[in-house]
1. Where residues in region 106-123 are of a type outside the set (A, V, I, L, M, F, W, C) and closer than 13 Å to ALA150 by Cα, which of them is farthest from the chain's Cα centre (by Cα)?
2. If GLY128 satisfies every condition in (1) more than 19 Å from the chain's Cα centre (by Cα); (2) free of Cβ contacts under 8 Å to residues at least 60 places away in the same chain but one, which is the exception?
3. For region 74-101, how many residues meet the condition of being part of a helix (DSSP H, G or I) and closer than 14 Å to ASP32 by Cβ?
4. Kindly check whether there is at least one residue in region 166-180 that is in contact with a His (Cβ under 9 Å, 6 or more places away or on another chain), aliphatic (A, V, I, L, M) and in a loop (DSSP other than H, G, I, E, B).
5. With respect to THR196, determine if the residue is out of contact with any Gly (no Cβ under 8 Å at 6 or more places or on another chain), of a type in the set (Ser, Thr, Tyr) and either in the same structural domain as GLY79 (by TED's automatic domain parsing) or part of a loop (DSSP other than H, G, I, E, B) (or both).
6. With a cut-off of at least 2 residues that are of a type in the set (A, V, I, L, M) and crowded, with 19+ Cβ neighbours inside 10 Å, name the strands (runs of 3 or more DSSP E) lying wholly within region 2-71.
7. Determine, yes or no, whether PRO197 is over 27 Å from the mean Cα position of the chain (by Cα), more than 16 Å from LEU84 (Cα to Cα), surrounded by fewer than 21 Cβ atoms within 10 Å (Cβ to Cβ) and modelled with pLDDT of 95 or more.
8. For the list (1) farther than 25 Å from ARG272 by Cα; (2) surrounded by 21 or more Cβ atoms within 10 Å (Cβ to Cβ); (3) in contact with a helix residue (DSSP H, G or I) (Cβ under 9 Å, 6 or more places away or on another chain), I need the number of the one condition that GLU116 fails.
Amino acid sequence: MAYRLTMVGTGYLGATTSACMAELGFEVLSLDVDAEKISRLQAGDLPIYEPGLEEILRRNLANGRLRFTTSYEEAAAFGDVHFLCLGTPQKPGEYAADVSYLESAIESLAPYLNRECLIVGKSTVPVGTAQHLADKLARLAPIGSGAELAWNPEFLREGFAVKDTLHPDRIVLGVASDRAEKIMREVYASMLEAGTPMVITDYPTAELVKVAANAFLATKISFINAMAEVCEAAHADVKQLSLALSFDDRIGGKFLNPGLGFGGGCLPKDIRAFMARAGELGADQALTFLREVDAINMRRRARMVDLARELAGGSFQGCTVTVLGAAFKPNSDDIRDSPALDVAVKISQQGGQVTVYDPVAQENARRAHPELSYGASALEAAQGAHVVLLLTEWQEFIDLDPEQLGAAVATRKIVDGRNALDSETWRAAGWHYRALGRP
């Protein structure tokens, strides 16, 4: 059977999944309550930056496989499988995740479900959420138990989301019936035929896979950044330490790059929500180490400000500072909990004249922080700078010519917040080069 798919939510996850599932040949109808966003998407205007996605969006709008709507009634009538692609942000003033967008989606969709269908959650949620939503769905849908729930967590990496959607490294599926498993095997048939492994499990295990994966990655990043703290105290080189560790196949080199730490809309809020949920379940001691993971990560930002202040002569007053990078990672325009912007704002608050440049996230940064200055290029942003900070490792910044940049600045001082530059090359060009965790 050729299932028709709906996507509820057209943020980063929903927009990507919508376009990519249409690319696989499905008829897709995507829903959002934000009428302006729906109008933009229907016109082929992608509101996020993701390499390769806009072409796929426009191609599938043109061939008619992809449409957008604001109507839950239309979505219910159209779809056989409804994917929930909604955000679960951190609650203000708490560690816990806010699942109200998912609750609202079920409450809005369910009353129109009068034929058999499958609702598939893709959002990152506290364990126990899926069963709660399944119970609510059965109560509210006219078809009752004919509207089933499955949980299928997403593992998209910003900057690689198209590849991760079309060619995932695994599919995890939490189901409560053989029927739900059968439908999802048919939906993902092309991926399964290509050899993608699928793990079939229950709701709570499927929910835990995503948060456990994020907790592990955050822990690995904070581990090497903790080693950077020790290296600074011992006058050792964390970059060489990381390289030596990477040859141990029990450890590996991925996510072992020391620097400014993690940010974005996932890792920080997901590990905090994980801790909060473990506490509710009475298992809070199991995850107390994540508090230190979080603390190490935030200390890297403070240390970057300290290093910049050292190079500025002990004070930012009267000092011009260039910040290269605003996105939380390269190949993205996402500035949510961006370490780069956090550092830029703190330096500005301490009296520094801060100019930011980012090749893609510039306008998002400008809207969020109009108090900062912005340059149209790295060279323009660096004009007259006393200190340059590389805080997002865009390839454009890695490829900068130290001589050319040196001609623009007032003093050749740089702090490499991502350990992305060749220190010898920059020092040979007369730069005072510093990096986190290195002599």
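The values are calculated or read from the model by the stated rules, or taken from the named source; none is laboratory data. Worth saying up front: this structure is predicted, and the values here are computed from it rather than measured. Virtual Cβ from ideal backbone geometry, glycine too; neighbours counted across all protein chains shown.
1. Taking region 106-123 first, the residues of a type outside the set (A, V, I, L, M, F, W, C) are 107-108, 111-112, 114-116, 121-123.
Pick out the ones that are also closer than 13 Å to ALA150 by Cα and you get 121-123.
Numbers: GLY121: 18, LYS122: 14, SER123: 13 Å.
So, considering only residues that are of a type outside the set (A, V, I, L, M, F, W, C) and closer than 13 Å to ALA150 by Cα, the one farthest from the chain's Cα centre (by Cα) is GLY121.
2. (2)
3. Filtering region 74-101 for residues part of a helix (DSSP H, G or I) gives 74-78, 100-101.
When the remaining residues are screened for being closer than 14 Å to ASP32 by Cβ, the result is 74-75, 101.
Summing the residues that are part of a helix (DSSP H, G or I) and closer than 14 Å to ASP32 by Cβ in region 74-101 gives 3.
4. Start the filter on region 166-180 by keeping residues that are in contact with a His (Cβ under 9 Å, 6 or more places away or on another chain), which leaves none.
Looking through region 166-180, none of the residues is in contact with a His (Cβ under 9 Å, 6 or more places away or on another chain), aliphatic (A, V, I, L, M) and in a loop (DSSP other than H, G, I, E, B).
5. Working: out of contact with any Gly (no Cβ under 8 Å at 6 or more places or on another chain): yes; of a type in the set (Ser, Thr, Tyr): yes; either in the same structural domain as GLY79 (by TED's automatic domain parsing) or part of a loop (DSSP other than H, G, I, E, B) (or both): yes.
Yes: the conditions hold for THR196.
6. Details: elements: 4-8, 27-31, 66-69.
In region 2-71, the matching strands (runs of 3 or more DSSP E) lie at 4-8, 27-31.
7. Details: over 27 Å from the mean Cα position of the chain (by Cα): no; more than 16 Å from LEU84 (Cα to Cα): yes; surrounded by fewer than 21 Cβ atoms within 10 Å (Cβ to Cβ): yes; modelled with pLDDT of 95 or more: yes.
No, not satisfied.
8. (2)
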